[in-house]
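In what follows, a single structure is set out as structure tokens and then discussed.
What follows is calculated from the coordinates using simple rules that are stated; it is not laboratory data. Predicted, not measured: the structure shown is a model, and the values here were computed from it. Every residue, glycine among them, receives a Cβ derived from its backbone with ideal geometry; neighbour counts consider all protein chains shown.
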Amino acid sequence: MQPAAIAAQLNTPLPENLATVQLESYDRIILTGMGSSDYALIPVERALVARGYPVWRVDAGRLLDMPSLITANTLLWATSQSGMSGEVVALLKKGTRPRTLIGMTNDRQSVLAQEADIMIALESGEEATVSSKSYLNTLIASQRTLAVLLAEDESAIGRALENNLPEIRRLINDTPFASRLAGHLFSDSRPRVAWIGTGAFAANAMTAALITKEASKVSAEGFIGGEFRHGPMETSGKGMLAFLCGKPGDETLERLAAELLANGTDVVTIGEIPYADSALLAVPSGDELCQLLCGFIYIEHLTVAFARKNGFVPGQFLYGQKITVAI
């Protein structure tokens, strides 16, 4: 269903009033959401920082604890796939009203959609379990939105994705690698997974850790760049499967891959070329957004294989529910 969801997103025009937003007229830009809705905005955060804008990416739970970050001259960009996440709803009802609220959601009738000054529809369709289609469409919608805000060619995003749809479809049907890795992971008595990403690819690493736990009940953690060395490195070694996500030649991940391989950790690169002598799950060269989408399809396959090997129905909730409304 993912190619159809991607096409639906690309075929949905962005609101005309989005083009009237002048980023330089705000005293700050705040990006917020929970879980994968928050992580999907990492590439946007990086792009805005690189252009010198005063931007904060703060999850909605933390923002509830620091409501003074939102001022009367703030551009607040809130993402919630359901539009009903407890923290986001509470923030909208209790927090300071920003000058402009961009709401990105999959539900046009949700609280977020109704409160937004500018509503961006994800068009990812219904989600049965883990919000994987919505995560991919959030990546796409956020890049399209960013292009309009920066007065760039938004249509170029659609052209690049359409060129890569055959590869996306191929990867959706390419599953044997996941079963092999899952079998190897569970051959150890203490299986654990680390997802480590740099740059924009940190979005995939953090979301991968979230859905690995959510969908397969496997112990997994996500890290951005060098965070892994500050304590978690001590959990590596035999029984750990570490996935590295980033651009070719990333020195942090090159060194980390070599050290992890040396101490007995199983290391897999999700990227164009492998770090050190690690295994490779290859993504197409070129467009970064396409690499993020293709990389995440590998991640989805892996969480399904992990769940089955762990004796669970992939994506079945045991203690929570699809939409987290409690705070």
Karplus ³J(HN,Hα) for region 299-310 (6.51 cos²θ - 1.76 cosθ + 1.60, θ = phi - 60°; Hz, whole; x = Gly/Pro) runs 4, 4, 4, 5, 5, 5, 5, 4, 4, 5, 5, 8
Between the alpha carbon centres of region 140-210 and region 41-81 the gap in Å comes to 23
Rh (Kirkwood; distinct C-alpha pairs) - the chain, Å:
20.2
FRET efficiency for Ile273 and Arg62, using Cβ-Cβ distance with R0 set to 45 Å, rounded to 0.05:
0.80
Distribution output for region 27-106: share of Cα-Cα pairs per 10 Å bin in percent, first bin at 0, values 20, 58, 22, 1
Which whole-number percent is the relative contact order of the chain (Cα, under 8 Å, 6+ apart)?
16
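222 nm [θ] for the chain, helices only, -39500 (n - 2.57) per DSSP H run of 4+, per residue, to 500?
After summing the helix terms and dividing by the residues of the chain, the value is -13000 deg cm²/dmol.
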Phi-based couplings in Hz for region 25-35 (Karplus 6.51, -1.76, 1.60; Gly and Pro marked x):
8, 9, 7, 6, 10, 10, 9, 9, x, 10, x
Using the Karplus curve 6.51 cos²θ - 1.76 cosθ + 1.60 with θ = phi - 60°, work out ³J(HN,Hα) for each residue of region 183-200 in order, rounded to whole Hz, and write x for Gly and Pro.
x, 5, 4, 7, 6, 9, 6, 10, x, 8, 10, 10, 10, 10, x, 10, x, 4
Beta carbons within 10 angstrom, averaged per residue: use that to sort the peptides 237-244, 255-262, highest first.
237-244, 255-262
